[in-house]
Amino acid sequence: MSPSISAPALQVKAVSASPRGAAGIKQVPEVTKLIDVSVCIGCKACEVACQEWNDLGVDKIRTLPPGTYQTLPDLEYNFWQLIKFNETERDGRLLWTLTKYQCMHCEDPGCLRACPAPGAIVQYSNGIVDFVQENCIGCQFCVTGCPFDVPKISPSTGKVYKCTLCSDRVGAGLEPACAKACPTNAISFGTREKMLAQATSRAEQLKADGNAAATVYNPEGVGGTHVVYVLPHGDEPDLYGLPKNPRVTFVRLWKGPMKWLGNLVFAGGIVGVLLHYLGYGPRDVEEPRQDVH
Amino acid sequence: MTNGWTDISNADVILAMGGNPAENHPVGFRFVMEAKRRRGAKLVAVDPRFQRTAAVADHFVQIRAGTDIAFLGGLINYALQNRRFQEDYVRLHTNAPFIVRDGFTFDEKTGLFSGWDPDKKQYDASTWQYELDGQGNAKVDPTLQHPRSVFQLMKKFYSRYTPQKVSEVCGCNAEAFTKAAEIITSTYTPTRVGTIMYALGWTHHSFSVQLIKTAAMLQLLLGNVGMPGGGVNALRGHANIQGGTDMGMAYHNVPGYMPIPKAAHQSLEDYFKVAVPKPLRPNSVNFWSNTPKLFISQLKAYYASAATKGNQFGYHLHPKLPESAATGKLENWSWAFIYDHAAQGQVEGLVDFGMNPVCNGPNSRKMVFALSQLKWLVVAENFETETSSFWKPEILALAGKKTEDVKTEVFLLPAANFAEKSGSFTNSSRWAQWKYKALDAPGQAKPDQEIVGRIFTKVRELYRKEGGAFPDPVLSLDWSYANPLSPSEDEVAREINGKDLTTGQQLPSFSALKDDGTTSSGNWLYCGSYTADGNMMTRRSTEDPSGMQRFSNWAWSWPANRRIMYNRASTDAQGRPWDPSRTAIVWNGKAWVGDVPDYPGTSEPEKGAGAFIVLPEGVARLFTPGDTLKEGPFPEFYEPVESPVDNPMHPTGQSRNPVATIFKTTEWDKLGTAKDFPIVGTTYRLTEHFHYWTKNHEKSIEMQPEFFVEIPVELGQEMGIKDGEMVRVSSARGHIEGKAMLTKRIRPMTIAGKKVYQIGFPIHWGFIGRGKQGGSLANITTPPVLDPNSFCPEYKGFLVKLEKV
């Protein structure tokens, strides 16, 4: 990995419930994790690497979920990435799409927009979106705000957790644990530019190889993601358990026009009070004061 | 492997069959993915289940467990009928032109070859031979037209394996087969190469050796053996199982794949008479004519100064396979037979390193019973296992016994694990790679060589003091290590390589071995791994001048650091590569250059020494002469010993392998019929686990916590079984219980007009470990049946019934 995306990578670019675009942020190359679904064999080495590196352990070993090899039904506060084993049929053929699922590290993170706790969610200038549990108030607005249904609350600490894209490793010039562990090179990690180029050329190769709908999954609705996929059936991201057009609509509305409208209403209230005062003066107290002696 | 892991990235077509490499060899599987990414290679997966490899395959065909020979026979027939075989290669590098002796026949109706004795239930193989000329050379017809040429016999033999027949036997549809055949046989042109990856899905049958031979025949017809990106590649299941095999782990070999001397071979001369074959073609190299040099050097490594010219280099000290007093036949001490002998009370004690026979043997109840018949049992292990604790009530109950009835004295010796000792691992690619100890073993755990060293020195001391029936082999054994209690890995590695006893120098290669007692080598195959220049196994150069991921200076590969075996076959008669873009070796006018040649290095191609130097023919065998293979010279499809149907190839004739080894020793040595057990059962492994080891590891248990049974959705519906409900799987041997996993990944099949269901269950659980164990040990159900050549048990494809609990 290039050292240019290491040590200075953890420059904070955006902070929850704080103004955006703080001054004095060094520009560092953005990083991206690329997942080539066409070569993922669902071996779960990434799951184990994630658990081991982050010192996680599930609370309760699952009782086998019906019909599947999947480790857990969904991500958990202490299980940050999961291979989804989706079984479907296409053209009379069985498809077993084994897809690694975790935080997408959106360029426009719904979680961060939704978060009312100052400094609980930060976005580094390399693109990593990280949760700072000390500042988390457990309101779970991020859970609602995430279009990928990623953050999960811990019942014991009351705080929310998710994949950090191994910000600690990346900060030290290493690749994320999952990428390091992947035996088939289905997970690559590097600068955004390089990863997008690699993804595009792999999608082209898959197209030439008979997968007409192969694409790069890097959804626009969230400003692009710092985890991108190469999907052989790119027209059907739901086959892989990925939303077709993820958006931060709810948060956008709330924090965008709604926030403006809210501010307007709030300001209007103050103006109204002022006008009322100017027009009508202070309120007359009709009732005589009852002094108690 | 004939080739190697990295070389798979040079393939155009990869057939994964009898193995599930994405599941069980995920790290090596990266080279399949590289071939796909770099060359646009096509991956074809053929298996009883749609598994992880199938998930990323270009084409998948589901077949009934145990019908692989029919499928491969169909591919051979497809290649021959459609002229999709590489004719020049076949003529030059195989025995296709050889003439077979008159009298060799195969009866399509009975399914038996000539020489069958129905009373003795064995073959007289005298007709399974070549026609020889006056000099003892095999007669050949280079036009391949002679009716008794191997080529014509083979063509006729496999003409019965039509796509329709394949479909009828295997339960796949004929179009799916034909599509697979199209892709696989597309490599018959010189510039396209295909590889085959197989594992225990092929070795776990009562016809496993024949099955692998069928694959080799297909690869030879397609001209894929010896080629970069080609070959027949066995995926070994443990880090060092290849090393174990090389070192004479199987009872019928000594280290380096020489046959074990038999009781009748009382002198070295007797032994060499059978161990050295006669050449069958005029210029054949006949490599095994070197056996005296290899074997005598091995005797020198064992017995050092006690091995002299005067005493036949200590041959009288060497163990010989005994004849049974009861039958007069040679005793069989292959793996499963050890426990069969134990069950009959013929074994006093057992020393068991790194093995858990209660779990990994077939027919677990018999295994437990066998252990209970021992006087003593020593287990060297990292964990408490079902074997070291077979006497616990819940395990012993399998054999219907109580703890107080068992007299076996059990010793569990804590052993260091792989990370707690240095040494070499020989991987599937035949690469001996040195590894270094990462941490000290905990507590009193000791590395294996120390455990062996301590036992040996103690035993020697006792023999020295007390004498005994035959102390000489123990007292004469060379044990001159710096610390006899714990020989170092380095010393042992040097000894295995061998040295010149006159100069004391480490030998550079096995070509330096002599038969006069002046050289020693523990295993000729590893001669060259630790030379005067040092330990070659520690090399870590990633330089690749070949540009084909050969990495010749990374570790060391047997034999002679050769990366592609039979690489002479990658060129034509003049030594020109079949595919100039993918060369293994080429003749430059004076010498063979490229990879280490599998051929005399300066032998002109015109001399025609033959690419397959280890065979007396000098060419590869499509037809295997003599009784090398017990079932016959060509692989025929036989049903698994427990099968739901009569063999559709010869419904009124022989259904199962006529010479399969079937135990009938204990009350658990039972076979079931389709009437009582109508479902085909098969066992397999999961990527999340490693054998019976990782059930002790919390992360593996998190990933796959408990035993389950994969059941076709249709069968579940028919039986009213819902996902996640408890079911019982029973065979004639016993039963196990686990949760039902209903899936479309196993489809119902029609076999010979009959609807047949298949279910599968993983092996990784038992009685001891984290997570839910509960005795869900898959091998309780597996049959007492072995391949008659390799004596490998039939763990895959047997009969069971399914019930709701």
Distant-in-sequence amide H partners of A:TYR217 (H built 1.01 Å from N, under 5 Å): A:TYR229, A:VAL230, A:LEU231
Taking the alpha-carbon centroid of each part, what is the distance from segment B:571-638 to segment B:269-297 in angstrom? 18
Filtered hits (aspartates and glutamates, Cα-Cα < 16 Å from B:LYS366, offset >= 8 within chain) -> B:ASP340, B:GLU386, B:GLU394, B:GLU667, B:ASP669, B:GLU794
So, with points 7 Å from each Cα along the Cβ direction, the B:ARG39-B:ILE455 label distance in nm works out to 4.5
Exercise: per-residue mean of other protein chain Cβ atoms within 10 Å, B:25-32: 4
I'd like the antiparallel share, as a percent to the nearest 5, of DSSP beta bridges with both residues in the protein assembly as shown. 60
So if each residue of separation counts as 0.36 nm, and I subtract the Cα-Cα distance between B:TYR436 and B:LYS670, what length gain in nm does that give? 79.6 nm
Over the whole of B:769-775, what's the average partner chain Cβ count within 10 Å per residue? Rounded to a whole number, please. 1
Calculate how many DSSP beta bridges within segment B:661-804 are antiparallel, expressed in % of all such bridges and rounded to the nearest 5. 65
If r is the Cβ-Cβ distance from B:SER511 to B:ARG539 and R0 is 25 Å, what FRET efficiency results, to the nearest 0.05? 0.75
Can you list residues whose amide H is under 5 Å from B:THR743's amide H, if they're 5+ apart or on another chain and H is modeled 1.01 Å from N? B:ILE711, B:VAL713
Using a 10 Å cut-off around each Cβ of peptide B:686-695, what is the average number of partner chain Cβ atoms that fall inside? 2
Kindly write out, for segment B:91-108 in residue order, the coupling ³J(HN,Hα) from the Karplus curve 6.51 cos²θ - 1.76 cosθ + 1.60 (θ = phi - 60°), rounded to whole Hz, with x marking Gly and Pro. 5, 7, 10, 10, 8, 3, x, 5, 9, 8, 4, 5, x, 6, 9, 9, 8, 5
Classify chain B as rounded, prolate or oblate from the Cα gyration tensor: take a ≥ b ≥ c as the square roots of its eigenvalues, call it rounded if a/c is under 1.5, otherwise prolate when a/b beats b/c and oblate if not. rounded
Subtract the Cα-Cα distance of A:ASP149 and A:ALA212 from 0.36 nm times their separation in residues, and report this length gain in nm to one decimal. 19.8 nm
Among B:543-549, A:97-103, B:189-195, the order from most to least packed when residues are scored by Cβ within 10 Å on average: A:97-103, B:189-195, B:543-549
Put +1 on the Cβ of each Lys and Arg and -1 on the Cβ of each Asp and Glu in segment A:3-247; which of A:ALA172, A:ALA199, A:CYS40 then has its Cα farthest toward the positive end of the dipole? A:ALA172
Extending each Cα 7 Å along its Cβ direction at A:TYR280 and B:THR408, get the distance between those two points in nm, one decimal. 9.6
Take peptides A:139-149, B:516-526, B:462-472, B:264-274 and line them up by average Cβ neighbours within 10 Å, highest first, as a rough protection proxy. B:516-526, A:139-149, B:264-274, B:462-472
Can you show me the helix-derived [θ] at 222 nm for chain B, built from DSSP H runs with n ≥ 4 at -39,500 (n - 2.57) apiece and divided by the number of residues, rounded to the nearest 500. -6500 deg cm²/dmol
Straight-line reach only, C-alpha to C-alpha below 30 angstrom: list the lysines that B:LYS421 could link to, leaving out same-chain residues fewer than 8 apart. A:LYS44, A:LYS180, B:LYS300, B:LYS435, B:LYS437, B:LYS446, B:LYS458, B:LYS499, B:LYS695, B:LYS699
Can you check what the net charge comes to around B:LEU377, using other residues whose Cβ is under 13 Å from the Cβ of B:LEU377 (Lys, Arg +1; Asp, Glu -1)? -3
Rounded to the nearest 5, what % of DSSP beta bridges with both residues in chain B are antiparallel? 55
Suppose R0 equals 25 Å. What FRET efficiency, 1/(1 + (r/R0)^6) with r the Cβ-Cβ distance, do B:HIS238 and B:SER324 give to the nearest 0.05? 0.20
Phi to ³J(HN,Hα) by Karplus 6.51 cos²θ - 1.76 cosθ + 1.60 over segment B:566-573, Hz, x for Gly, Pro: 6, 5, 4, 6, 7, 10, 8, 4
Under 5 Å, built H, 5+ apart or other chain: amide partners of B:VAL27: none
Simple spin-label estimate for B:GLU394 and B:GLN145 in nanometres, 7 Å along Cα-Cβ: 7.3
Pairs beyond 21 Å (Cα-Cα), from B:LYS109/B:LYS755; A:LYS100/A:LYS244; B:LYS278/B:LYS607: B:LYS109/B:LYS755
Residue-wise HN-Hα coupling along segment B:685-699, computed from phi with Karplus coefficients 6.51, -1.76, 1.60 (Hz; x: Gly, Pro): 10, 10, 5, 6, 10, 10, 6, 9, 9, 7, 5, 8, 10, 5, 5
B:ALA591-A:GLN133 FRET efficiency (beta carbon distance; Förster radius 56 Å; 0.05 resolution): 0.25
Can you tell which of B:VAL368, A:TRP80, B:TRP558 lies farthest toward the positive end of the dipole of the protein assembly as shown, using +1 and -1 charges on the Cβ of basic and acidic side chains (Lys, Arg; Asp, Glu)? B:TRP558
Distance between segment B:483-549 and segment B:137-171 - C-alpha centres, whole angstrom: 44
Work out the length of the dipole vector of the protein assembly as shown about its Cα centre, built from +1 on the beta-carbon of each Lys and Arg and -1 on the beta-carbon of each Asp and Glu, and round it to the nearest 20 debye. 960
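No lab work stands behind these numbers, since they all come straight from the coordinates. Remember, it's a predicted structure, so these values are computed and weren't measured experimentally. Cβ: placed from backbone, ideal geometry, glycine included. Neighbour counts: every protein chain shown.
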